[in-house]
Amino acid sequence: MQELSLSSKIKHILSIPVIISALGYFVDIYDLLLFGIVRIPSLKDLGLNPDTDGTFILNCQMAGLLIGGIFWGIFGDKKGRLSVLFGSILVYSLANIACGFLPYFPKTHLEYQYAALRFIAGIGLAGELGAGITLVSESLPKNLRAIGTSVVAGFGLMGAVVAQLTVELAGGWNISYIIGGVLGIALLFLRISVSESGIYKTMEHKAVSKGNFLSFFTHKDRFIRYLKCIAVGLPTWYCIGILAVLANQFAPELGIRDISPGKAIMWAYVGISVGDLLSGFISHALKSRKMAIFYMLAFTVVGVASMLFGHTDSETKYYLFCVWLGLGTGYWAMFVTLAAEQFGTNIRNTATTTVPNMVRGLVPVMIFAFDFFKKDFSVVISAAIVGVIVFGLAFYSSFTISETHNKDLDFTE
């Protein structure tokens, strides 16, 4: 294939599908992490328990992500990538606007109302990243896929930073929800200019099974590929779901007066945004998806060990380690791109939508394991045990999964 000129490369990387997908992921991350940021103030304001009710509501949101991932994945392979980009953002935007009016809801069973709205939001949020990465992967030249998807994630992940700043500046947690919903509705109109993936259009009318979720479990090689894709992404949500969202639990044992989970999440995503931008260029330079992920995992392990056992004795140090862990786990776009490249066009959107949401959906399992080990061990040791399991699976999977750099995506399964 003829080498593209620099101007052509920039034109592809800053094309409409990339820009719109990046903006969509920005709003997606804003809304996805907003509950984690406003969990304590919103639940206290509503007269609910930040720990027990907070865990229940978070688990409902994650369950929504799991179910929504399957739904939007199948829908995107059967009806097209754009159908998901329109439908998913409408669902989670309306759910977040409704969350902004929770203070005016009936006070009886308010925790279930909050949980139901986060469940619906989770269903909507599940479709955004997979469809966006699939569309960009199928739209860009194969030698630019890694950079293009990294731009999507690198910019999109800044939504977490903006979410934290919005909470601090908006004057109320409920206003932050409404702002997120309005941003989503505004983006919905911008998406009218996006065209469907050419590769999908070519496959659309072929006599081939599309969006068959069960096909991941009926073929041994495909099933192993699918499990490895999920395992590769686990460390990102281990670092966010345990070390950032539950940061306040580590404060007493580390000798720190207080740690704000909202700030821990924000600083982690500052690192993830930079890491995601870098991961595409690292993969491009190494000509390898799997080795780029492998090296970033190794960098993260050093950060986790240093955070938990390296005398992290101040709030500032904890946040700095959150940035470190974010940089290391900033291969999120690379991990989803890897999933997109592993599977054929007829089930690609199902793979790229369900895989990251399977990872998110496993957060309650990781938290359950964390809580289980706390019965016999300290908070730090419990987190370390879960970390050893998660990173062990990720290292093995990243090392043994098939390489997909420069792989042609115009194929079906």
Measuring from its Cα centre, the stretch 69-183 shows a charge dipole (+1 at each Lys and Arg Cβ, -1 at each Asp and Glu Cβ) which, in debye to the nearest 20, is 260
Give the peptides 190-203, 112-125, 284-297 in descending order of average Cβ contacts within 10 Å, highest first.
-> 112-125, 284-297, 190-203
In Å, the Kirkwood hydrodynamic radius from C-alpha pairs for the stretch 43-108 sits at 13.9
Got a sec to turn the phi values of the stretch 36-43 into Karplus ³J(HN,Hα) couplings, 6.51 cos²θ - 1.76 cosθ + 1.60 with θ = phi - 60°, whole Hz, x for Gly and Pro?
-> x, 6, 9, 3, 5, x, 5, 5
Working from the pairwise distances between different alpha carbons, so that the mean of 1/r is found and then inverted, what is the stretch 228-367's Kirkwood radius in Å?
-> 15.4
Principal axes first, then extents: for the Cα atoms of the stretch 1-110, list largest minus smallest coordinate on each axis, whole Å, largest first.
-> 64, 30, 22
Cα centroid separation, the stretch 13-66 to the stretch 92-160 (Å) = 7
Label selected from (1) 59, 46, 44; (2) 116, 66, 43; (3) 67, 42, 32, the criterion being Cα extents along the principal axes in Å as computed here | (1)
Note: the stretch 251-296 at 25 °C, 0.890 mPa s; Kirkwood Rh on alpha carbon pairs; Stokes-Einstein D in µm²/s works out to 194
Expressed as a rounded percentage, what relative contact order does the stretch 242-284 have, with Cα pairs under 8 Å and six or more residues apart?
-> 33
Would you kindly derive the ³J(HN,Hα) couplings of the stretch 147-159 from the backbone phi angles with the Karplus curve 6.51 cos²θ - 1.76 cosθ + 1.60 (θ = phi - 60°), listing them in order in whole Hz, with x for Gly and Pro?
-> 5, x, 5, 5, 4, 4, 6, x, 6, x, 5, 5, x
Taking the simple approach of a point 7 Å from Cα along Cα-to-Cβ for both PHE309 and VAL208, what is their distance in nm?
-> 4.8
Check the straight Cα-Cα distances from LYS44 and name the lysines below 22 Å, setting aside those fewer than 8 residues away within the same chain.
-> LYS107, LYS263
Calculate for the chain the 222 nm mean residue ellipticity that helices alone would give, adding -39,500 (n - 2.57) per DSSP H run of length 4 or more and normalising by residue count, nearest 500 deg cm²/dmol.
-> -25000 deg cm²/dmol
Can you tell me the relative contact order of the chain? Whole percent, Cα pairs under 8 Å, sequence separation 6 or more.
-> 25
Measure of compaction for the stretch 346-411 (Cα Rg per 2.2 N^0.38 Å) | 1.52
In terms of modelled amide H atoms, which long-range or inter-chain residues lie less than 5 Å from the amide H of TYR331?
-> none
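FYI, it's all coordinate maths here, none of it is from the lab. This is a predicted model, so every value here is computed, not measured. FYI the Cβ positions are ideal-geometry reconstructions off the backbone, even for glycines, and counts take in every protein chain you see.
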